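Right, one structure below, let's go through it.
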Amino acid sequence: MVPAGFLGAVAFFWPFVVAPGRFGSNYAPPLIFGVLLVLVLCVVLSEIAEGGIDSKALAMLGVLSAVNAALRPLGAGTAGIETVFFVLVLAGRVYGPGFGFVLGCTSLFASALITGGVGPWMPYQMFGCAFVGMLAGFLPRTSGRREVLMLAVYGSLSGYLFGFLLNLSFWPFSLDPNSSIAYLPGLPFTEQWHRYIAFDLATSLGWDTGRAVTNLVCVLLAGPAVLTTFRRAARKARFRAPVRFAAPRTAESDPR
């Protein structure tokens with residue numbers, strides 16, 4: 001998960017680190033699409049192969065991926081309302097960062113197949129959701145109302161984080177180079193960063209705010225019940241149950 005997360009971050013932030021003239025806009029999008037899609041598949045397979053996801057967790061992964069794929073069309077495309085992120089946040093919190101990372105990938109992949117949303121943007125959406133689910137698993141431990149409030153605040157911030165990352169996927173190719181907020185290879189990092197911040201605020205602040213408000217409301221309203229359900233399922237399925245070895249019986253301890 002760590003190497004994949006690092007490479008995913010590089011895939012988002014390459015405009016700030018690639019030398020000018022080395023990454024032409026004609027072939028960059030399909031190349032990035034292919035590399036990211038293969039990388040996402042490798043992440044899922046490696047988590048399963050290394051035991052990070054056992055058969056029980058894999059079944060839960062399939063169920064939650066299907067739920068998210070069904071939820072997404074209910075809100076996607078309407079004023080930034082997204083109905084999948086609160087499930088990612090709560091599942092990542094209960095089942096851990098690795099599970100949250102893979103759930104983000106599989107949820108968006110299944111949703112894209114159902115809605116016909118397959119395109120160069122899909123791997124970026126998968127990685128963006130993967131980071132949302134993964135970071136939820138790293139939040140500090142707490143319980144009760146404090147936990148729900150913390151997850152609600154994080155869910156709101158993750159709405160802006162997702163938009164911030166997704167804008168990076170098309171910013172270098174979407175504007176006239178003469179624009180004051182366009183990507184311009186060769187600029188110093190600080191100036192390039194200022195251009196991107198201005199681009200992000202000008203193009204998607206309202207959309208991201210709709211997503212952030214949706215996440216906040218969904219976690220506050222449904223969070224306690226969903227957390228209880230997820231934790232009950234985890235206890236019954238005994239996810240990552242510790243292995244204990246009993247001491248061997250001796251002749252002295254044998255009651256016979």
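The values are calculated or read from the model by the stated rules, or taken from the named source; none is laboratory data. These numbers come from a predicted model, not from an experiment. Methodologically, a virtual Cβ is constructed for each residue, glycine included, from the backbone with ideal geometry; neighbour enumeration extends over all protein chains shown. SASA here: full protein model, heavy atoms, side chains in, ligands and nucleic acids out. Shrake-Rupley method; radii C 1.70, N 1.55, O 1.52, S 1.80 Å.
Hey, can you tell me all the residues within region 143-168 that are open to solvent by 20 Å² or more (accessible area, probe 1.4 Å) and either of a type in the set (Gly, Ala, Ser) or over 23 Å from residue 213 (Cβ atoms) (or both)?
Those that are open to solvent by 20 Å² or more (accessible area, probe 1.4 Å) and either of a type in the set (Gly, Ala, Ser) or over 23 Å from residue 213 (Cβ atoms) (or both): 143, 144, 156.
Is it the case that some residue within region 111-119 is of a type in the set (Val, Ile, Thr) and either crowded, with 17+ Cβ neighbours inside 10 Å or at positive phi (or both)?
No: zero hits.
Given (1) at pLDDT below 90; (2) crowded, with 16+ Cβ neighbours inside 10 Å; (3) in contact with a helix residue (DSSP H, G or I) (Cβ under 7 Å, 6 or more places away or on another chain), where does residue 210 come up short, assuming only one miss?
With respect to (1) at pLDDT below 90; (2) crowded, with 16+ Cβ neighbours inside 10 Å; (3) in contact with a helix residue (DSSP H, G or I) (Cβ under 7 Å, 6 or more places away or on another chain), residue 210 is out only on (3).
Any idea which of (1) outside any helix (DSSP H, G or I); (2) out of contact with any Leu (no Cβ under 6 Å at 6 or more places or on another chain); (3) crowded, with 16+ Cβ neighbours inside 10 Å is the one residue 180 doesn't satisfy?
For residue 180, the failing item is (3).
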